[in-house]
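The values are calculated or read from the model by the stated rules, or taken from the named source; none is laboratory data. No experiment lies behind these values; they were computed from the predicted model shown. All Cβ positions, even for glycine, are placed from backbone atoms using ideal geometry, and neighbour counts span all protein chains on display.
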Amino acid sequence: MTQKPIILPMLASDLAAVQRIAEVCFPVPWTRAEFEKELQREYAVLRVLRPSLREPVCAFANYWHVSSEIQLMNVATLPDARRQGHGSALLRDLIQQARERKAELISLEVRRSNAPAYAMYRKFGFVEQGIRQRYYSDNGEDALVMHLSLEPH
């Protein structure tokens, strides 16, 4: 039986690991200072994933909760830890957190070329709502805007 990953609120002591993940996963990664600011923002939520208590952080999610909406800012997994369900575990956690916070909508942008992420979001029920043309500053790629409406429980 595989062990369920551990997802916890990000602490300042996780900053180096999260920064390293961002640097290897994103063409234009957030800086350490940006992540430090996120830890101070009352509307920002940062969650880290460890495969087990004994293992280091290998994935994270960062989102904003404003009013009745959640905006997913970042979700990333170290390349050598991919295809193990960590992204899906973080999305399940995000949806659970959104429901607990009484959010009605989760929104995100994903690169048009990021087929694995797009497929994962679709699997969780996200629906494409539109396109932000030339959204990404590194290469001018379009972003697909996706939403997940949350039914009240």
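Filtering the stretch 58-87 to residues that are more than 10 Å from the chain's Cα centre (by Cα), under 21 Å from Y118 (Cβ atoms) and not in a strand (DSSP E or B) leaves L78, P79, A81, R82, R83, Q84, G85, H86. The residue list E38, E55 contains one member that is of a type in the set (D, E) and in a helix (DSSP H, G or I), which is E38.
Within the stretch 97-119, the set of residues being within 12 Å of the chain's Cα centre (by Cα) and over 17 Å from E141 (Cβ atoms) comprises I106, S107. Selection within the stretch 109-118: residues that are farther than 15 Å from R92 by Cα and hydrophobic (A, V, I, L, M, F, W, C). The member of this set that is modelled with the lowest pLDDT is A115. Within the stretch 58-84, take every residue that is surrounded by fewer than 18 Cβ atoms within 10 Å (Cβ to Cβ) and small (G, A, S) and give me the one that is modelled with the lowest pLDDT. Restricting to residues being surrounded by fewer than 18 Cβ atoms within 10 Å (Cβ to Cβ) and small (G, A, S), the top hit is S67.
In this structure, does A98 turn out to be of a type in the set (A, V, I, L, M), farther than 18 Å from A22 by Cα and not in a loop (DSSP other than H, G, I, E, B)? For A98, the condition - of a type in the set (A, V, I, L, M), farther than 18 Å from A22 by Cα and not in a loop (DSSP other than H, G, I, E, B) - is met. Considering only residues of the stretch 128-151 that are in contact (Cβ under 8 Å) with a residue 40 or more places away in the chain and in contact with a Lys or Arg (Cβ under 8 Å, 6 or more places away or on another chain), which is farthest from L105 (Cα to Cα)? Only one residue tops the list, namely Y136.
What about V24, is it buried (at least 18 other Cβ atoms within 10 Å of the Cβ) and either out of contact with any strand residue (DSSP E or B) (no Cβ under 8 Å at 6 or more places or on another chain) or among the hydrophobic types (A, V, I, L, M, F, W, C) (or both)? Spell out the reasoning first.
Values: buried (at least 18 other Cβ atoms within 10 Å of the Cβ): no; either out of contact with any strand residue (DSSP E or B) (no Cβ under 8 Å at 6 or more places or on another chain) or among the hydrophobic types (A, V, I, L, M, F, W, C) (or both): yes.
Against the criterion (buried (at least 18 other Cβ atoms within 10 Å of the Cβ) and either out of contact with any strand residue (DSSP E or B) (no Cβ under 8 Å at 6 or more places or on another chain) or among the hydrophobic types (A, V, I, L, M, F, W, C) (or both)), V24 does not qualify.
Please verify whether the stretch 96-115 includes one or more residues that are surrounded by 14 or more Cβ atoms within 10 Å (Cβ to Cβ), of a type in the set (S, T, N, Q) and touching a Lys or Arg at 6+ places or on another chain (Cβ under 9 Å). The answer is yes, given that some residue of the stretch 96-115 is surrounded by 14 or more Cβ atoms within 10 Å (Cβ to Cβ), of a type in the set (S, T, N, Q) and touching a Lys or Arg at 6+ places or on another chain (Cβ under 9 Å).
Scan the stretch 33-57 for residues that are surrounded by 15 or more Cβ atoms within 10 Å (Cβ to Cβ), closer than 22 Å to A81 by Cα and free of Cβ contacts under 8 Å to residues at least 40 places away in the same chain and the total you get is 2.
Identify, please: which residue in the stretch 121-134 is assigned to a loop (DSSP other than H, G, I, E, B) and more than 18 Å from the chain's Cα centre (by Cα) and is, among those, surrounded by the most Cβ atoms within 10 Å (Cβ to Cβ)?
The extreme case among them is R134.
Against the numbered list (1) of a type outside the set (V, I, T); (2) surrounded by 12 or more Cβ atoms within 10 Å (Cβ to Cβ); (3) under 15 Å from the mean Cα position of the chain (by Cα), P9 comes up short only at (2).
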